[in-house]
Amino acid sequence: MIFGVLSVYAAVVACGLPYSLRDASWSSRAPRLAVVMWLAAMISVVSVAALAAALLFVPLHAIGDTLVLLVQWCGWSDHSLTVSARWTAPRTAGVVVGAAAALRLLQVAVTVAVGGRRSRVRHRHDVRLLGRFHPALRIYILDHAGRSAFCLPGRSGGVVITEGALRALRPTELDAVIAHERAHLAGRHHLILATTAILARAFPIVPLFVAGHEELRRLLELTADDSAARRSAPHVVAEAVLRLAAPPAPVLGMANTAVRQRVLRLLAADPPLPRSAVATRGLLAAALLLLPLVMTVVPALHDLGYHCA
């Protein structure tokens, strides 16, 4: 019964939620909240899938009892996490599917991690070879005629701006560009995109992962735009985006995603979401995150006195 409920829940969130989230007009007014919502949905689906896989061997009440005991930290007494060794056709099929999914996830994770590291090493090498560090601005200036600005994550990374971009940008626009790229670095946006890219590539038939990865690229740019607009005026950020829009920039470039929408959004200056709307969507994100845990622990809560004398 519970296995079926979890399966239906995962299917509804993975296949139904992306369409409502992707078409939601409020996401552009509260991009940070929309990022939280997408990530909460992905974490929820992955957690439910892991819980469903565990239920193939361990009863739900046993998992809940174990979590309660860990929280209470009162000893195991006579409790034990019994694992059934009886093999049935559904269990065998579930193990095969789960093992295949885990191996696929591991393979894609290694591929994305290795590819990302090679890309960062190559870009850092190019910056050290063709660029110089500007101590006053604390940025790297790349000797290139194209207009581009991007960030390189990592200890030896930072904000990189080409000579062509420096010549094209006004001082206020340059400040906005630097603030935008530093917002990417401070928010560890590259880790978010790498994680969602792994899920999207490993499971391309899951709409939540594929649509979520593409939508998060846009939302993270909007989030960085908002950070830059708090330092400079929104119209200054919009002008900077337009000046850098011609060439594609590598690795979280400022003018590489949804340029037209971002410029119109900055110039329109729509009011933020009301607090009630923010609270409602925040509660929904919290529910997505906590539901797998609640479904696991609640059946064991009535045994609290039995767990610890």
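The values are calculated or read from the model by the stated rules, or taken from the named source; none is laboratory data. As the structure is a computational prediction, the values presented were derived from the model and not from experiment. Cβ coordinates were reconstructed from backbone atoms using ideal geometry, including for glycine residues, and neighbour counts include every protein chain displayed. Ligands, DNA and RNA are stripped out before the accessible areas are found, and what is left, the full protein with its side chains, is counted by its heavy atoms. Shrake-Rupley method; radii C 1.70, N 1.55, O 1.52, S 1.80 Å.
Determine whether the range 18-36 contains at least one residue that is crowded, with 16+ Cβ neighbours inside 10 Å and modelled with pLDDT under 80. No; the residues of the range 18-36 include none that is crowded, with 16+ Cβ neighbours inside 10 Å and modelled with pLDDT under 80. Reported count of residues in the range 174-222, each being within 13 Å of the chain's Cα centre (by Cα) and not charged (D, E, K, R), is 23.
So, residue 150, is that one touching a strand residue (DSSP E or B) at 6+ places or on another chain (Cβ under 7 Å) and either in a helix (DSSP H, G or I) or closer than 27 Å to residue 38 by Cβ (or both) or not? Taking the combined requirement at face value, the residue satisfies it.
Checking 247, 292, 299 one by one, the residue that is at pLDDT below 85, in contact with a Ser or Thr (Cβ under 6 Å, 6 or more places away or on another chain) and either of a type in the set (D, E, K, R) or farther than 20 Å from residue 147 by Cβ (or both) is 292 and no other. Screening the candidates 167, 128, 155 for the property of being on the phi < 0 side of the Ramachandran plot, at pLDDT 85 or above and of a type in the set (D, E, K, R) yields one hit, 167.
Scanning the range 122-167 for residues that are open to solvent by less than 30 Å² (accessible area, probe 1.4 Å) and among the aromatic types (Phe, Trp, Tyr) returns a single hit, 150. Among the residues of the range 186-208, the ones that are of a type in the set (A, V, I, L, M) and open to solvent by 40 Å² or more (accessible area, probe 1.4 Å) come to 3 in all.
Got at least one residue in the range 132-144 being among the hydroxyl-bearing types (Ser, Thr, Tyr), touching a helix residue (DSSP H, G or I) at 6+ places or on another chain (Cβ under 8 Å), over 21 Å from residue 226 (Cα atoms) and not in a loop (DSSP other than H, G, I, E, B)? The answer is yes; a qualifying residue exists.
For the range 112-151, which positions are more than 23 Å from residue 241 (Cα to Cα) and touching a residue at least 24 places away in the same chain (Cβ under 8 Å)? 112, 113, 116, 119, 120, 124, listed by residue number. Of all the listed residues (260, 230, 281), the sole one being at pLDDT below 90, more than 30 Å from residue 117 (Cβ to Cβ) and of a type in the set (Lys, Arg) is 260. When residue 165 is tested against the conditions (1) part of a helix (DSSP H, G or I); (2) under 24 Å from the mean Cα position of the chain (by Cα); (3) in contact (Cβ under 8 Å) with a residue 40 or more places away in the chain, the lone failure is (2). Just one of the numbered conditions (1) out of contact with any Phe, Trp or Tyr (no Cβ under 8 Å at 6 or more places or on another chain); (2) in contact (Cβ under 8 Å) with a residue 60 or more places away in the chain is not true of residue 48: (1).
Between a residue in the range 213-226 that is under 19 Å from residue 17 (Cβ atoms) and any residue that is of a type in the set (Ser, Thr, Tyr) and outside any helix (DSSP H, G or I), which pairs come within a Cβ distance under 6 Å, given they are 6 or more apart or on different chains? Close Cβ pairs (under 6 Å, with a partner that is of a type in the set (Ser, Thr, Tyr) and outside any helix (DSSP H, G or I)) amount to 217/257; 218/257.
Considering the conditions (1) touching a strand residue (DSSP E or B) at 6+ places or on another chain (Cβ under 9 Å); (2) part of a loop (DSSP other than H, G, I, E, B), residue 205 is excluded by exactly one of them, (1).
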